[in-house]
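What follows is calculated from the coordinates using simple rules that are stated; it is not laboratory data. Just so we're clear, the structure is a prediction, and the values are computed from it rather than from any experiment. Glycine also receives a Cβ, built like all others from the backbone with ideal geometry; neighbour counts cover every protein chain displayed.
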Amino acid sequence: MNYWLLGALFILWIGAVAFLRYFRIWLPYYLFGAVGLVYWLALVAGNILHLEPYLAHTVAWAVHLISGAFAIPTRIFENAPGILLVLVVVQQVGWTVLQIGVESSGLLEISVLISILAFYPGWSLMRRGLSIVAGGVALWLANVFRMMIIVVMLNQMGKGALVLAHTFVGRIVFFLLTILIFWYLVTSATLATIRAKQDQARLAG
């Protein structure tokens, strides 16, 4: 990885964002800033700091502990050859091995949410910070819930349900929860802000 090139690109991005903000060119500022921040967050957190494996580990261990609380036996084996982490769902006949990889970390979704909120116009730094923390935790919990659905379906229906549980049900549930989180933190908040400004304008008029 050419860190000099990345550093130069980062400085150019910062300069472009500062230029757009200084001249109050808001739409390009928001789009360029948010999209760029997604890239830098994913690059730094994923390829430089290597945070994805840690996030995936927290998801797997949370699912393991919750499964135990509901009397669903699971096993975790770390450092399996060629695999980040393995979660084994024990069933009446045999077991099913789930590979918990970096795609299960939720890092991309969290990066997108952080970027959207970090450059969101009209909000205080405190409000954006609290929204980012709340959204990050909510996305992590949604990811854990997705994995729990897969584990429960495998435990109850057997390994024949793996494709249905992982490819369809789990992904659809996580997608819907992600949309709901984004809607609540961004869209709903935006509509509330617009309504408040309209009410103020009516009272002022």
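Helix-only arithmetic for the chain: the sum of -39500 (n - 2.57) across DSSP H runs with n ≥ 4, divided by the residue total, places the mean residue ellipticity at 222 nm at -21500 deg cm²/dmol.
Using the 2.2 N^0.38 Å rule of thumb for compact globular proteins, work out how region 1-50 stacks up: its C-alpha Rg over that value, please.
With N residues counted in region 1-50, Rg over 2.2 N^0.38 Å equals 1.24.
Dividing the convex hull volume of the alpha-carbon atoms in the chain by its residue count gives 153 Å³ per residue. Overall, the chain carries a charge dipole of about 600 debye about its Cα centre when +1 sits on the Cβ of Lys and Arg and -1 on the Cβ of Asp and Glu, all other atoms neutral. Under the simplified labelling scheme, the residue 43-residue 69 pair shows an inter-label distance of 4.0 nm, with each label point 7 Å from Cα along Cα→Cβ. Counted as membrane-span-like here are DSSP H helices of the chain whose alpha-carbon atoms extend 18 Å or more along the helix's own axis and whose Kyte-Doolittle mean is -0.5 or above; these are 3-22, 26-42, 52-69, 125-157, 188-204.
Based on other C-beta atoms within 10 Å, arrange 13, 4, 183 from fewest to most.
The most exposed by this proxy come first: 4, 183, 13.
For the chain, calculate the relative contact order in percent as a whole number, restricting contacts to Cα pairs under 8 Å that are 6 or more residues apart. Relative contact order here is 17 percent. The residue among 108, 14, 183 whose Cα reaches farthest toward the positive pole of the charge dipole of the chain, with charges on the beta-carbon of Lys, Arg, Asp and Glu, is 183.
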